[in-house]
Amino acid sequence: MKIGYVRPTHDEPDVSQQIQHLSTIDDIQIIKEEHDSAKRRTALHQMIENLQPKDQIYVNKLYHLADSSRHLIELLEKIDEKKASVISLSENIDSKNKEGYSFQEILRHLIQFQSDVISEKTKSGLNEAQKKGNNAGRPKKPDANVQKAILMYESKKYTLAEIKESTGISKSTLYRNLEN
């Protein structure tokens, strides 16, 4: 049986592109994870539990199947024990192909996989921080100080050094705010 596995990510929360790519494969049954939580992957666990020999699991990217290198190895071992295989479309990997890959190909795929893992976890962390009201990046200077610095500059009574000492606003910040 051909099984397509899809799960939401921060780049694609609705999995429509994943389903579109997998739908090009004849007679494929799509299994969809309802959320992107690594800890609640019920559809994945149920799919692996119900695998039969010669079943093929199709994914667009290895990251859609696993959340880390260790998790990927564990899943591949479980799938191999069931005499099934994994096919990743974007990486062009078929685990039933025992002819193997060159070391460079394996390394390139592992690096891309790790990059996907890091990217997704970073986006997840930023998203969680934003929900809690924390914004990424350098904090903004208080508007009162900027306004005070602008008034001091426009009065032409103060030097830039005096404005900076009094308000804490640098010359570049002052000029940037003057332009706006």
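Yes/no per residue for (1) among the small types (Gly, Ala, Ser); (2) on the phi > 0 side of the Ramachandran plot:
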position: Asp14; (1), (2): no, no
position: Lys32; (1), (2): no, no
position: Lys54; (1), (2): no, yes
position: Ser69; (1), (2): yes, no
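Taking every residue in the stretch 39-52 that is surrounded by 11 or more Cβ atoms within 10 Å (Cβ to Cβ) and pairing it with any residue that is basic (Lys, Arg) and in a loop (DSSP other than H, G, I, E, B), at least 6 positions away or on another chain, the pairs with Cβ-Cβ distances below 9 Å are Arg41/Arg7; Ala43/Arg7; Leu44/Arg7; Ile48/Lys82; Leu51/Lys82; Leu51/Lys83. Restricting the stretch 1-24 to residues that are surrounded by 17 or more Cβ atoms within 10 Å (Cβ to Cβ) and hydrophobic (A, V, I, L, M, F, W, C), the residue that is farthest from Arg41 (Cα to Cα) is Leu22.
Within the stretch 33-86, the set of residues being in contact with a helix residue (DSSP H, G or I) (Cβ under 6 Å, 6 or more places away or on another chain) and of a type in the set (D, E, K, R) comprises Glu33, Lys78.
Given the structure, is Gln56 closer than 24 Å to Glu12 by Cβ, in contact with a Lys or Arg (Cβ under 6 Å, 6 or more places away or on another chain) and not acidic (Asp, Glu)? Here the answer is yes, as Gln56 does meet what is asked. Filter the stretch 130-162 down to residues that are outside any helix (DSSP H, G or I) and in contact with a helix residue (DSSP H, G or I) (Cβ under 7 Å, 6 or more places away or on another chain) and give me whichever is modelled with the highest pLDDT. Going through the qualifying residues, I end up with Tyr158. Candidates Ser37, Ser16, Ser95: the one that is at pLDDT 85 or above and among the small types (Gly, Ala, Ser) is Ser16. Do we find that His64 is surrounded by fewer than 18 Cβ atoms within 10 Å (Cβ to Cβ), under 15 Å from Tyr5 (Cβ atoms) and assigned by TED's automatic domain parsing to the domain that holds Val15 in this structure? No. Inside the stretch 7-38, residues that are closer than 18 Å to Lys123 by Cβ and touching a residue at least 12 places away in the same chain (Cβ under 8 Å) make up a count of 13.
The values are calculated or read from the model by the stated rules, or taken from the named source; none is laboratory data. Predicted model only: the values in this text are computed from it and were never measured. For neighbour counting, all protein chains shown are included, and Cβ atoms are generated from backbone atoms with ideal geometry for every residue, glycine included.
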